[in-house]
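Reading through the structure tokens given below for one structure.
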Amino acid sequence: MHQSGAYQSPVSSASFVVRERDLRGEPVGLDAAPSAVRVELLGGARTIGVTVVPAEAEPATASLAGAERTAVLRDLDATPGSPELSLLLYMALQRPRIWQRTAVVSAEPSLAPMQLSPLSQRGLRAAPLDVAMHRLFAACDEAGRALLTSRFVAEAAACLSRQAERFADNAWCRAVRAGRLAREQYVAALANTHQYVRYTPRLLARAISVCDDEPLRDHLTRHFRGEQKHDRLIEADLRYLEADVEFVLHAMVPWGPTLTFMSLQESMVAFHCDLACFLAAPFVAEGLAARVGPLVLDDLADNIRRWGYREPARATRFLVSHVREDGGDDGHWNATLVVLARLLRDDTTQQRFLAALHLASEAFTASYDAYADYLTLFTRPLLADP
């Protein structure tokens, strides 16, 4: 699942080049697992650098309460008061933000823009990650902020890549790979998916109606046209599996985790009218379909045959169509990346989008866990005959 080079965008400007390497000197993708990374800014009067480390991997901080939610900055090599310092520190802290850390700690004396507070541990100071990054972004000049915003889409994609690893290991996907998915567990996934897919065109229409940004409105309109009648594909899949389609259409209530995923996108477009954050839900759903879908489709077909259905393609029309349409260089997900590159233009917008992204990803993963875990009584015993 890890794609170290897929979203790593070497960032340069007329003045600076960013270099990010592990302690062996090898390049490290933004979506890499938490580990010590040396971040360097080449240009200006000299090369400056700092190392960012997960707090639990650092002897001086491993015993801190909440170390697993904290990152450490150490080995700062920069002139105190250097105008490029805020730029360097912000780029270094993008990694803890991808790791979903919530605090930063350091014994370095020259981190003034972050306004760290002393801890009881001797020599250590700390700050919440969100406010530290806000202060660093504000301290950069216009050229520095432009360099940082050019990294925002790569950061969001790296967050999704790490979430995709978690999604690929949910209970439903594990059951598929093990050949132990029950028909009822697959029907539950399709039925719950129908609960929000049937509203997607209406949500997009709502977004179009409140959008004053013409290029964004054009993107939403293209997406609207591409989402027509996808609920009919789910209904056809359900009918082939002899499920109760009338219940799904007229009486079913989405399960709690599914409702959480639905509520996020509904609130962003209908209450907040925040169209950048509204895009977080399709960014997640389409991104996970493009990444994880190809890994499970063959195994899913084998499960369906095991249930006695000889034509698995007639039960997977919806999933196959989304793997095809959402993936690839010209897929829905890549089109969303292009739009986000224009919308994510400051730290507050980025932090808000990433919060929505993680909430959507966690709800989406929890929903698939539920489709398996709520119906484990239908799972065949390990020693049962095929």
Which residue, of Arg225, Arg198, is more than 19 Å from Ala356 (Cα to Cα) and either at pLDDT 95 or above or surrounded by 17 or more Cβ atoms within 10 Å (Cβ to Cβ) (or both)?
Arg198
Confirm whether Arg38 is without any contact (Cβ under 8 Å) to a residue 60 or more places away in the chain, in contact with a Lys or Arg (Cβ under 6 Å, 6 or more places away or on another chain) and basic (Lys, Arg).
yes
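Per-residue answers, yes or no, for (1) buried (at least 17 other Cβ atoms within 10 Å of the Cβ); (2) more than 30 Å from Met91 (Cβ to Cβ):
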position: Leu148; (1), (2): yes, no
position: Ala154; (1), (2): yes, no
position: Ala157; (1), (2): yes, no
position: Ala191; (1), (2): yes, yes
position: Leu204; (1), (2): yes, yes
position: Ser209; (1), (2): no, yes
Tell me the residue from Ala355, Ala313 that is within 28 Å of Tyr90 (Cβ to Cβ), out of contact with any helix residue (DSSP H, G or I) (no Cβ under 7 Å at 6 or more places or on another chain) and at pLDDT 95 or above, please.
Ala355
Qualifying strands (runs of 3 or more DSSP E) (wholly inside the range 61-132; at least 1 residues being of a type in the set (D, E, K, R), out of contact with any His (no Cβ under 8 Å at 6 or more places or on another chain) and surrounded by 13 or more Cβ atoms within 10 Å (Cβ to Cβ)):
70-77, 125-128
Here are Thr102, Thr70: which of them is in contact with a strand residue (DSSP E or B) (Cβ under 7 Å, 6 or more places away or on another chain), under 30 Å from Val339 (Cα atoms) and among the polar types (S, T, N, Q)?
Thr102
Residues of the range 57-80 classified as of a type in the set (Gly, Ala, Ser), free of Cβ contacts under 8 Å to residues at least 12 places away in the same chain and out of contact with any Asp or Glu (no Cβ under 7 Å at 6 or more places or on another chain), total:
2
Yes/no for Ser209 being without any contact (Cβ under 8 Å) to a residue 40 or more places away in the chain, in a helix (DSSP H, G or I) and within 22 Å of the chain's Cα centre (by Cα):
no
Residue check for Met262: out of contact with any Phe, Trp or Tyr (no Cβ under 8 Å at 6 or more places or on another chain), within 19 Å of Ser367 (Cα to Cα) and of a type in the set (A, V, I, L, M):
no
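The values are calculated or read from the model by the stated rules, or taken from the named source; none is laboratory data. Remember, predicted model here, so these are calculated numbers, not experimental data. Positions of Cβ are backbone-derived with ideal geometry, glycine not excepted, and every protein chain shown enters the neighbour counts.
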